[in-house]
Amino acid sequence: MKDTFEILSSINRVSAPDNIYERIITKNNYISSSIIYSLVMTIFLLISLNLFVYNQSNNNNFSANSIIKLPITALYYE
Amino acid sequence: MDFKAFYFKYKDLVYNVALNYSANIEDAQEITQDVFLTLLKKIDHFRSESKMETWIYKITINKSLDYLRFKKRKKRKFLFNNLSIERASNNDLINFNHPGVQLESKEKINEIYKCINKLPDSYKTVIILLKIENRTYKEVSSIMGLSVKAIESLFNRAKNTLEIFLKKENEY
């Protein structure tokens, strides 16, 4: 075992390659595709919801306007 | 905190520990990258109860062991799907690529590493820290969170187990 450990202690220390730092910075700034996808879907849903609500409110206004345009006699119960 | 200065101060420590676990340049680079990304997130939470170096050692060791486990699972899956056993054992030699190893000792050290890789994590760690990183018992006890006596006992058990594995390896 002494030989084994002597051989192991002969392993030299080496210097880390220079490119690792750039890779770390790039990876740290990277926004994952799943986050981008979630953001896009959220924006899409919000726009769809707003359009739906807008359309609904427009329809309500239309039906209210059509009652106003009826002749006034039609509103009275005969 | 100036991350660039921090990185250049500790990059060799992290890289060498990663290399001593993985014995492979590409894997060591991946591990080093992961370690520094973790350090970047956690550095503000570092409490100076222990030394910075001890803390970095702990993170590097955990990341190295996680990476080795992940690689083992991946290899097992690949073996199950594709590879023959003969090619799998040859893979060990192909993957051994430690730049700190001299050419004349490469085969012998590869053999030792095959046996070290079979050891449980705590045995592997104590051997790497004491005999390759050349840390003192006191430093290893801080890193592993055990008493000096416990480290001595752990090292003895690790040494005996490694001896058994090496004997079996030489018999083949």
With region B:3-171 reduced to its Cα atoms and the Debye formula applied, log10 I(q)/I(0) at q = 0.14, 0.20 1/Å amounts to -0.80, -1.45
In short, region B:10-25 residues buried by 30 Å² or more of accessible area relative to the isolated chain (1.4 Å probe) are B:Lys11, B:Asp12, B:Tyr15, B:Asn16
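Would you mind giving the total buried accessible surface between chains B and A, with a 1.4 Å probe and ligands, DNA and RNA left out, rounded to the nearest 100 Å²?
On the way: alone 11110 and 8150 Å², together 16460 Å².
Rounded to the nearest hundred, the buried surface is 2800 Å².
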Output for region B:1-59: trypsin sites (Lys or Arg not before Pro) sitting in coil per DSSP, at most 16 other Cβ within 10 Å, listed by number, reads B:Arg47, B:Lys51
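With respect to the cross-link table entries B:Lys42/B:Lys71; B:Lys42/B:Lys63; B:Lys75/B:Lys131; B:Lys72/B:Lys118, which display a Cα-Cα separation exceeding 21 Å?
B:Lys42/B:Lys71; B:Lys75/B:Lys131
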accessible surface per residue for chain B, probe 1.4 Å, DNA/RNA/ligands not counted, whole Å² -> 57 Å²
If one builds a Gaussian network model of chain B from Cα atoms under 10 Å apart, the most fluctuating residue listed among B:Asn117, B:Asn62, B:Asn160 is B:Asn160
SASA check, B:Met144, accessible area w/ 1.4 Å probe, all protein chains in place, rounded to nearest 10 Å², comes out at 50 Å²
Taking every residue of B:102-113, the Cβ atoms of other protein chains inside 10 Å of its Cβ average out to 2
Output field shielding_mean for A:16-23 (other chain Cβ, 10 Å radius) holds 6
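The values are calculated or read from the model by the stated rules, or taken from the named source; none is laboratory data. Here the structure is a predicted model, which means the values were calculated and not measured. Here the Cβ is made from the backbone with ideal geometry for all residues, glycine too, and neighbour counts use every protein chain on show. We work out accessible area using only protein heavy atoms, side chains counted, and drop any ligands, DNA or RNA first. Shrake-Rupley method; radii C 1.70, N 1.55, O 1.52, S 1.80 Å.
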